[in-house]
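Below: the structure, in structure tokens.
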Amino acid sequence: MMNARTEIDRQLQALQYSADGHLVVCASDLIGQFWSGSVFLYKDSVCAAKNIEDSLTRAQTEAGLNDVQWISETRLLVASDSGGLEVWDVNTENNSIESTSYIYMHIGSMNSVRLTTDSKAVSAGSDCSVAVWDLESKAPLNNYRGHTDIVWNADCHPLEADLFASCSQDGRVLIWDLREQKPARYLTQQILSPRPSYVVWQPNTSNLVVAAETGALTVYDSRQGKSISHSQKHSRFIHRMEFSPLASNLLASVGDDCAVHVTRVTSQGQQHVFESSEHTDFVRGIAWHPTNSQQFCTCGWDTKVVQHVLPSSDETESVSMETNIHSAPLLLAS
């Protein structure tokens with residue numbers, strides 16, 4: 001259930017571009033007596049960054065919102081902190097958005113949702129589970145419990161539809177292969193310390209990047225569970241990471257230190273590319289521009305959408321590589 005509204009919820013949680021450049025932003029009101037959320041549609045990120053009030057349309061939800069994905073140019077998938085998965089229809093000709101379905105699976109907050117390559121979605125929840133959804137029938141297919149604490153996110157493999165990874169407050173990163181009789185395996189046999197806060201697959205590789213609650217980034221070979229490179233990018237909890245869809249070695253990361261970083265991830269290590277401190281509160285969302293590999297935007301609890309432009313390659317050639325594998329996360333005995 002939703003209705004039109006005029007006010008802006010302060011905590012901007014997630015944002016994403018459509019293929020044609022429209023920007024959707026999801027927000028939550030986390031300071032009132034009753035938590036609620038909002039969905040905003042903008043012509044582009046320029047409009048959102050210039051004036052957050054300048055949306056084409058907006059709608060209110062009865063729960064806070066944590067994540068969003070475009071299924072197509074006319075349909076959205078939204079993760080609710082009530083545990084539901086919402087489908088929204090978008091009409092950019094008459095500037096309207098409408099919730100068309102709301103399905104529960106998680107008992108507690110749905111923290112992330114990602115699309116597979118075969119018309120499914122994978123979500124992660126605070127109920128220690130990950131769920132798989134059929135987008136054509138708008139129905140949940142299965143719920144998997146391999147973790148023992150909050151699952152912060154699940155990320156789908158960019159090429160293999162049955163493969164995804166998840167990370168949890170329990171200190172574990174799990175690799176899931178739904179073709180197997182026992183679909184889950186540990187990335188490492190030992191519990192990670194510091195604990196993981198986010199995972200993302202690097203396109204065109206078998207690498208899995210694991211962020212930590214202390215702000216570190218570690219690249220693992222997902223097949224062998226071995227650390228390839230490690231660096232300390234942030235000073236606090238990393239909340240989200242996204243690889244550029246146009247430049248598969250560029251990784252943006254944001255977190256509770258209010259900073260935005262872009263790192264070049266290669267087989268030789270991790271290279272600093274860009275840093276911004278324009279946000280003044282927790283940063284929550286990242287969206288890479290669909291046609292320009294040098295541009296992306298972020299949003300946060302300061303009620304800002306900030307546009308970022310990366311420096312030219314000539315400006316970053318002299319930056320030294322960070323490949324300190326020996327300072328990789330401590331592995332605790334399970």
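The values are calculated or read from the model by the stated rules, or taken from the named source; none is laboratory data. What you are looking at is a predicted structure, and each value in this text was computed from that prediction instead of being measured. So basically every Cβ, Gly included, is an ideal-geometry build from the backbone, and we count neighbours across all protein chains shown. What goes into the accessible areas is simple: the full protein's heavy atoms, side chains included, and nothing from ligands, DNA or RNA. Shrake-Rupley method; radii C 1.70, N 1.55, O 1.52, S 1.80 Å.
Brief remarks on what is shown
- Among the residues of the range 40-75, those that are open to solvent by 60 Å² or more (accessible area, probe 1.4 Å), among the charged types (D, E, K, R) and closer than 27 Å to Val122 by Cβ comprise Glu62, Glu73, Arg75.
- The residues of the range 150-183 that are of a type in the set (D, E, K, R) and either open to solvent by less than 40 Å² (accessible area, probe 1.4 Å) or touching a His at 6+ places or on another chain (Cβ under 7 Å) (or both), listed by number, are Asp155, Asp170, Arg172, Asp177.
- Residues that are under 15 Å from Ser267 (Cβ atoms) and within 14 Å of the chain's Cα centre (by Cα), drawn from the range 191-207: Gln202
- Residues of the range 247-258 classified as of a type outside the set (Asp, Glu), within 17 Å of Gly215 (Cβ to Cβ) and open to solvent by 10 Å² or more (accessible area, probe 1.4 Å), total: 1
- Here Val87 passes the criteria (1) under 20 Å from the mean Cα position of the chain (by Cα); (2) under 26 Å from Ser253 (Cα atoms) except the one numbered (2).
Here's the yes/no breakdown for (1) of a type in the set (A, V, I, L, M, F, W, C); (2) out of contact with any Asp or Glu (no Cβ under 9 Å at 6 or more places or on another chain):
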{"position": "Thr218", "(1), (2)": "no, yes"}
{"position": "Leu250", "(1), (2)": "yes, yes"}
{"position": "His279", "(1), (2)": "no, no"}
{"position": "Phe296", "(1), (2)": "yes, no"}
{"position": "Cys299", "(1), (2)": "yes, yes"}
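- Residues in the range 10-39 that are touching a residue at least 12 places away in the same chain (Cβ under 8 Å), of a type in the set (S, T, N, Q) and open to solvent by 30 Å² or more (accessible area, probe 1.4 Å): Gln16 only.
- His230, sole failed condition from (1) modelled with pLDDT of 95 or more; (2) within 21 Å of Val151 (Cα to Cα); (3) not basic (Lys, Arg): (2)
- Output for the range 81-139, where each listed residue is touching an Asp or Glu at 6+ places or on another chain (Cβ under 9 Å) and of a type in the set (Phe, Trp, Tyr): Trp88, Tyr102
- Among the numbered conditions (1) touching a residue at least 40 places away in the same chain (Cβ under 8 Å); (2) under 17 Å from the mean Cα position of the chain (by Cα); (3) surrounded by fewer than 22 Cβ atoms within 10 Å (Cβ to Cβ), the only one that Arg264 does not meet is (2).
- Among residues of the range 224-246, those that are in contact (Cβ under 8 Å) with a residue 40 or more places away in the chain, over 26 Å from Cys299 (Cα atoms) and open to solvent by 90 Å² or more (accessible area, probe 1.4 Å), counted: 0
- Across the range 142-149, not a single residue is classified as open to solvent by less than 40 Å² (accessible area, probe 1.4 Å) and either more than 26 Å from Ser193 (Cβ to Cβ) or touching a residue at least 40 places away in the same chain (Cβ under 8 Å) (or both).
- Odd one out for Arg240 among (1) within 22 Å of Gln16 (Cα to Cα); (2) in contact with a helix residue (DSSP H, G or I) (Cβ under 9 Å, 6 or more places away or on another chain): (2)
- Test result for Gly146, farther than 15 Å from Val210 by Cβ and at pLDDT 95 or above: yes
- Of all residues making up the range 1-13, the number that are at pLDDT 95 or above and under 18 Å from Leu56 (Cβ atoms): 1
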